[in-house]
Amino acid sequence: MTSVFTLNADLHSHSVVSDGTLTPEELAERAHANGVHLWALTDHDELDGQERARAAASALGLDYLAGVEISVTWMGQTIHIVGLGIDAAHAGILEGLRHTREGRGNRAKLMAEQLLKVGISGAYEGALHFAGNHDLISRTHFARFLVEQGVCPDTEHVFKNYLVEDKPGFVPHLWATLDDAVSWIKAAGGVAVIAHPGRYKLNAMQMDELYKHFKDIGGLAIEVITGSHSPNQYQTYGKIAQQYGFLASRGSDFHDPNESHTDLGRLPHLPDHLTPVWSAFH
Ligand code: AMP
Ligand code: MN
Ligand code: MN
Ligand code: MN
């Protein structure tokens, strides 16, 4: 029998709407084929795929939560806040996300200028070709262009050598505030989740402040089992969830069959001493 812990929930994934390469329908089919019971599409800063994802999931008998992954600037670093179970037609979150997306086109042009200085031309047009939309152009699309150009063997190499702080294609950017992101999610009836906490370049004191502030403003959960964490980090963030009283989330962060290390639904179950985030939804 499927208990609340062994439910195959995958609550973090990306489609062509943001920086994934599969359509919402293709993702629903892949999730279903991989044995997922409860799925959320969480495109970056955009809800445009939500209706299609829900319809495709419903046709397959797959339970669905509307989701989003919001880009946030906190203490000068980019962090990601996932919203789950939101009303994807809520005016407040739609407006907030629209504003959050606005800076992407200009940032991409600045990134291309930087890359030109190290001899890589046509990066804006190249990345735009992969993105399809200047409001959603992301570093991932630049990474795919640089791989296509033969600059690097894979996107992992591009990030490491070009697209992170202190590398030639990195342009700092101011995203949404943490307070705004959490308030949009809450106003839309959703649960706010700190995505992949193991990925941030914040020290222990700053992380403590992040957890406390996030909790103060109504954040309820953190990702424990994610494609971005190592097995050691499953332990670390499981303890953090207990210590701060957060619900625990699980999601692959799947983007593409070749690029992503973790496929939809193919990750360990949540440790059974934690309270799953899906216990907040009935
Ligand atoms: P952006 O929102 O434009 O800053 O792009 C962030 C996206 O880049 C993330 O959502 C990931 O999909 C991708 N990304 C970030 N770091 C890496 C990395 N080291 N390797 C591969 N993809 C990455
Ligand atoms: Mn991404
Ligand atoms: Mn993320
Ligand atoms: Mn993600």
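The values are calculated or read from the model by the stated rules, or taken from the named source; none is laboratory data. Being a predicted model, the structure only gives us computed values, none of them experimental. Positions of Cβ are generated from backbone atoms using ideal geometry, with glycine treated the same way; all protein chains shown enter the neighbour counts.
I'd like the residue in the range 263-282 that is among the aliphatic types (A, V, I, L, M) and part of a loop (DSSP other than H, G, I, E, B) and, out of all such residues, is farthest from His12 (Cα to Cα). Result: Leu274. In the set (1) crowded, with 24+ Cβ neighbours inside 10 Å; (2) more than 16 Å from ligand 4 (Cβ to nearest atom); (3) closer than 30 Å to Leu174 by Cβ, Thr73 fails one condition alone, (1).
Checking each residue in the range 189-222 for being part of a loop (DSSP other than H, G, I, E, B), of a type outside the set (S, T, N, Q) and away from ligand 3 (no atom under 16 Å from the Cβ) picks out Gly189, Gly190, Ile217, Gly218, Leu220.
In contact (Cβ under 8 Å) with a residue 40 or more places away in the chain, surrounded by 15 or more Cβ atoms within 10 Å (Cβ to Cβ) and more than 16 Å from Ser183 (Cβ to Cβ), is that true of Gly85? No: the conditions fail for Gly85. With respect to being touching a strand residue (DSSP E or B) at 6+ places or on another chain (Cβ under 7 Å), in a helix (DSSP H, G or I) and free of Cβ contacts under 8 Å to residues at least 60 places away in the same chain, Lys186 fits the description. All of Ile185, Ile240 fail the test of being of a type in the set (Val, Ile, Thr), buried (at least 16 other Cβ atoms within 10 Å of the Cβ), within 17 Å of the chain's Cα centre (by Cα) and outside the structural domain of Ile137 (by TED's automatic domain parsing), apart from Ile185. Got a number for residues in the range 106-136 being among the small types (Gly, Ala, Ser) and either assigned to a loop (DSSP other than H, G, I, E, B) or assigned by TED's automatic domain parsing to the domain that holds Ala181 (or both)? Total meeting the criteria: 4. Comparison of Ile86, Ile81 shows that the only residue that is within 16 Å of ligand 3 (Cβ to nearest atom) and closer than 24 Å to Glu223 by Cα is Ile81. Scanning the range 101-115 for residues being closer than 22 Å to Val68 by Cα, out of contact with any Leu (no Cβ under 8 Å at 6 or more places or on another chain) and free of Cβ contacts under 8 Å to residues at least 40 places away in the same chain gives a total of 2.
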